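Q: My questions will all concern the structure given below.
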Amino acid sequence: MNEGVGTEKTEKKGLTWKGLELFPLGAVLRKYNAKKARKDLGAAVNVALLDFPQGMAYALIAGLPVQAGIFCSSLASITGPFLASSRFVMLGPTNASAVMLLSAFLSLGYSPEQSMAAMPLLLILVGIFMTVGAFCKVAGITQYISRAVICGYITAAAFLIIVNQLKTVCGLHVPRAATFAESLGNFSGGLSQTNWDAVIVSLITLGCYLPLKKWAKGIPQVAVALVITGLLVWLLKPYGLEPEMLSSISVSSWPLTLPVFHWQEFTEIAGGALAVAFLSLLESSSIAKTLAAQAGDRIDLNQQMLSMGAANFACSLGGGMAVSGSLTRSVLNFRSGAATAIASIFSGLLLIGGIFLVGDLIAYIPRAALATLVIMVGISLINREQIRLMLRTTRNDATVFLVTFVGGLVLPLDTAIYLGAAISIGLFVRQAAKPELREISFDEQGNLLERAPDVQKHRRPEIAIVHVEGDLFFASSDVFLDQMRHLAEHPDLRIIVLRMRNAHHLDATAASTIMELTRFARSKGSDLIVSGVHPELEKVMRQAGLMELIGEKNFFRYSPENPTISTRDALKRAREITGVDSADITIYAADKGKAN
């Protein structure tokens, strides 16, 4: 898959815009052959057999007609690969996106009919957010969202899935609610109206599914359990078993849905659409990176984001629901030996064929049976090992998990994931914003000594080399300036050398901080030199006016051929300024860099 990557990039240069490929599938088609087609078709059959019942289940989770999930799976599977970066990720409805849709519409008080009517506009907004985000290269934000956010969200979503399907299992028609706490209260209040036909069907479904799950791992267990349950219910119908059934699906009834724009509705659902886009990005990025690492592929998360935007646009016109990357279907696609992204297209076409073949037979599936299997899916989402890991590893992980999880139980899920993401980013910023310097010098025997800088306890050297490492952005600026001012106040210090070889993400605030430091040092009779500056940092410094202030003579660029030469030249410049050939030199580095 990675062969000839450089050549392909050259060939496709005319089909790129702002660094994203506009038709990456073209390179795949040029090298496509019968061997790859056989592998892709074999994988597609396996995925489609799982995708058909899963699509119905996810639609049920979202409180939508079951056909919305199948329509979404087929459209997303066909359109996504035209712009995708990953050859394995299968796009379509997922547990996470379905629950987010449910929560978003319930928080607005929408009925299922209103939800379907508003869905095209919501999907258009999700597609716009995804597309604009891809071209603005925002996919990198996922590295600042810890896994604890996703774990907390999925655990809370699992509880919401279970409680919302319990009412169908019990045949109840109780009011819908936006949160787990409210849904649990409504379910408890309606238990006196339990429909025992629905309960019997649920028990039959469990009796079919659990043995299959334990002893028949090589077959599509959900689909087989639904078929057996449907057959048994049909046989028991003469004996008075009359559960509520699903509706049949027909390709002829596949709608062309067009968004209807109303400003009030737009403002109502824009927040939910942004939450769906954000969650889908997190979910798909994690899957794409994992499978790419296992296969040895290279992945562009912004390109993958663009493909999800296109798939959402397609679903907005074809009666679908929100699109994300499916973990179960993507892993099955990978393990089934898919050679290219065309396997996804084959899977989508097979789903359409499945609607022709078995669409009418769906009317023989009891709603309680599908709800029971959805509950089993919800239970499987509660990953005790992951939860234990989040709670025991660090205090930050435990805090993020608990905030997201508890928030997901008592608040709408879109609010909970925003809250969890904010806490995650906040804790990251707090850690990144606490640079600490340690003084490294030599004793009389030549051994390295480390001491915290304390101007009262020992004599300062004349030249200080400060290693600036990691992210130097707005959150760390104040602390960095305070520490550097503390250093510059010593009367014997003549030169501060900022060694910036390992510094990243310099922004306007940090650049302003270095300017303040330069002026402060000069007011104290010292001067500032920078060394090891990479091109991206130099660009920011030049635009901010920092280069002009420091002066070209005090500025030394990083050299890949000789990484230490800039520091050597900086020391030469320091000796030239001080006018002495020998000077005391102390190195200051962060904890993680000490004695390196």
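The values are calculated or read from the model by the stated rules, or taken from the named source; none is laboratory data. All values reported here derive from a predicted model rather than from experimental measurement. Counting neighbours? That spans all protein chains shown, and the Cβs are built from the backbone with ideal geometry, glycine included.
Q: Does Leu487 count as buried (at least 19 other Cβ atoms within 10 Å of the Cβ) and free of Cβ contacts under 8 Å to residues at least 40 places away in the same chain?
A: When the stated conditions are applied, Leu487 does not pass them.
Q: Does Phe88 satisfy being buried (at least 22 other Cβ atoms within 10 Å of the Cβ) and over 30 Å from Phe346 (Cβ atoms)?
A: When the stated conditions are applied, Phe88 does not pass them.
Q: Something else about it: So which residues in the range 257-303 are aliphatic (A, V, I, L, M) and farther than 20 Å from Arg329 by Cα?
A: Leu258, Val260, Ile269, Ala270, Ala273, Leu274, Ala275
Q: Additional query: When you scan the range 216-230, do you find a residue that is touching a Lys or Arg at 6+ places or on another chain (Cβ under 6 Å), under 24 Å from Leu166 (Cβ atoms) and in the same structural domain as Asp414 (by TED's automatic domain parsing), even just one?
A: Yes, because at least one residue in the range 216-230 is touching a Lys or Arg at 6+ places or on another chain (Cβ under 6 Å), under 24 Å from Leu166 (Cβ atoms) and in the same structural domain as Asp414 (by TED's automatic domain parsing).
Q: Taking helices (runs of 4 or more DSSP H) that fall entirely within the range 141-247, which contain at least 2 residues that are over 23 Å from Pro65 (Cα atoms) and of a type in the set (Phe, Trp, Tyr)?
A: Here the list reads 196-215.
Residue-by-condition table, conditions (1) modelled with pLDDT under 90; (2) surrounded by 19 or more Cβ atoms within 10 Å (Cβ to Cβ); (3) within 30 Å of Leu50 (Cβ to Cβ); (4) within 21 Å of the chain's Cα centre (by Cα):
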| site | (1), (2), (3), (4) |
| --- | --- |
| Ala363 | no, no, yes, no |
| Pro366 | no, yes, yes, no |
| Leu373 | no, yes, yes, no |
| Met376 | no, yes, yes, no |
| Phe401 | no, yes, yes, yes |
| Phe405 | no, yes, yes, yes |
| Ala422 | yes, no, no, yes |
| Arg430 | yes, no, no, no |
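Q: Then there is this: Among residues belonging to the range 532-562 that are of a type in the set (Gly, Ala, Ser) and either buried (at least 18 other Cβ atoms within 10 Å of the Cβ) or in contact with a strand residue (DSSP E or B) (Cβ under 8 Å, 6 or more places away or on another chain) (or both), point out the one that is nearest to Met500 (Cα to Cα).
A: My answer is Gly532.
Q: Let me ask another. When you check Arg522 against the structure, is it assigned to a helix (DSSP H, G or I), modelled with pLDDT under 80 and within 28 Å of Gly579 (Cβ to Cβ), yes or no?
A: Here the answer is no, as Arg522 does not meet what is asked.
Q: Quick test for you: out of Ser85, Ser115, pick the one residue that is more than 30 Å from Phe23 (Cβ to Cβ) and not hydrophobic (A, V, I, L, M, F, W, C).
A: Ser115
Q: Restricting to the range 184-206, what's the tally of residues that are under 19 Å from Leu373 (Cβ atoms) and surrounded by 14 or more Cβ atoms within 10 Å (Cβ to Cβ)?
A: Matching residues across the range 184-206 total 11.
Q: Give me the pairs, please: first residue somewhere in the range 129-148 and within 18 Å of Gly420 (Cα to Cα), second residue anywhere and small (Gly, Ala, Ser) and part of a helix (DSSP H, G or I), beta-carbon distance under 6 Å, and either six or more positions apart or on two chains.
A: Thr142/Ser285; Ile145/Ala421; Ile145/Ser424; Ser146/Ser424
Q: Take the residues in the range 31-83 that are outside the structural domain of Val377 (by TED's automatic domain parsing) and outside any helix (DSSP H, G or I), then tell me which one is farthest from Ala223 (Cα to Cα).
A: Across the range 31-83, the extreme among qualifying residues is Lys31.
Q: Quick one: what pairs do we get from the range 23-49, first residue surrounded by fewer than 16 Cβ atoms within 10 Å (Cβ to Cβ), second basic (Lys, Arg), C-beta under 9 Å, 6+ apart or different chains?
A: Every condition considered, the pairs that remain are Phe23/Lys12; Gly26/Lys12.
Q: Still on this structure, I have one more. So, in the range 257-304, exactly how many residues are loosely packed, with under 12 Cβ neighbours inside 10 Å, in a loop (DSSP other than H, G, I, E, B) and at pLDDT 85 or above?
A: Final tally of qualifying residues: 0.
Q: Provide a single number: the residues in the range 84-128 that are farther than 30 Å from Ile162 by Cα and part of a helix (DSSP H, G or I).
A: Total meeting the criteria: 1.
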